Amino acid sequence: MAKTLVISNRELFSVVRDTLVEGKTVRVAVKGESMLPFFRSGSTITLRPAKAEDIRKYGVVMADAGENFVVHRIIEVGEEYVTLLGDGNYLGTERVTHEKIYGVVDCSALHLFFAKIWLWLRPVRRYPLAVFRRIL
C-alpha cells in the first residue's frame with residue numbers, strides 16, 4: 001500500500017528556493033486562493049530566478065515572508081523593503097527585504113494591465129472575490 005508523504009509549505013518552498021538560487025526554473029502547483037482571480041488553486045506557475053530588475057510594482061514573486069514562503073504581487077518597492085499582497089487578499093500585506101525574493105513569475109502585459117486595475121479596486125474587491133470564490 002502506497003503511503004502519502006505530507007510536507008509543510010516551508011519545507012517544500014525551501015527546496016524551491018534552493019533550486020532558484022542555483023539558477024534553475026521551477027514549476028509548482030498553486031495551493032490556496034490568495035492569488036485569485038489570476039491564479040486558481042491547482043493551476044501551475046513557472047518561477048524563474050529573480051533579478052534586481054524584476055523587483056518592481058505589480059510583479060508576482062516568490063519570497064520568504066518569515067513563517068512561510070509566499071507567491072504574491074508586489075504593491076510597493078522601497079529602498080530596504082518590498083511590500084507584497086496576494087491578489088485574493090484585501091488585507092494582510094507582507095514586508096520582505098529585496099534579498100528574500102527568490103523567484104519571479106513572468107506575466108504578460110495584459111495580465112499586468114488587469115493586475116493594476118485589480119490593485120486599484122482593493123478597497124472594494126472583497127465583493128468580486130466573494131463571487132470568484134463561488135464560481136471557481
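The values are calculated or read from the model by the stated rules, or taken from the named source; none is laboratory data. The shown structure was predicted, so the numbers you read here are calculated from the model rather than taken from an experiment. Neighbour counts are summed over all protein chains in view; Cβ atoms, including those assigned to glycine, are modelled from backbone coordinates with ideal geometry.
Taken over the range 109-134, the criterion of being without any contact (Cβ under 8 Å) to a residue 12 or more places away in the chain and either assigned to a helix (DSSP H, G or I) or within 15 Å of Arg56 (Cβ to Cβ) (or both) is satisfied by Ala109, Leu110, Phe113, Ile117, Trp120, Val124, Tyr127, Ala130, Val131, Arg134. Taking the range 15-33 as the range and being surrounded by 16 or more Cβ atoms within 10 Å (Cβ to Cβ) and among the acidic types (Asp, Glu) as the test, only Glu33 passes. In summary, Lys3 fulfils each of the numbered conditions (1) farther than 17 Å from Leu119 by Cα; (2) in a strand (DSSP E or B) with the single exception of condition (2). Go through the range 23-49 and give me each residue that's more than 20 Å from Ala115 (Cβ to Cβ) and out of contact with any strand residue (DSSP E or B) (no Cβ under 8 Å at 6 or more places or on another chain). Result: Lys31, single match.
Close Cβ contacts (under 8 Å, 6 or more residues apart or on different chains) running from residues in the range 1-23 that are at pLDDT 90 or above to residues that are of a type in the set (Lys, Arg) and surrounded by 11 or more Cβ atoms within 10 Å (Cβ to Cβ) comprise Leu20/Arg48.
Assess whether Arg95 counts as being free of Cβ contacts under 8 Å to residues at least 40 places away in the same chain and in a strand (DSSP E or B). Yes.
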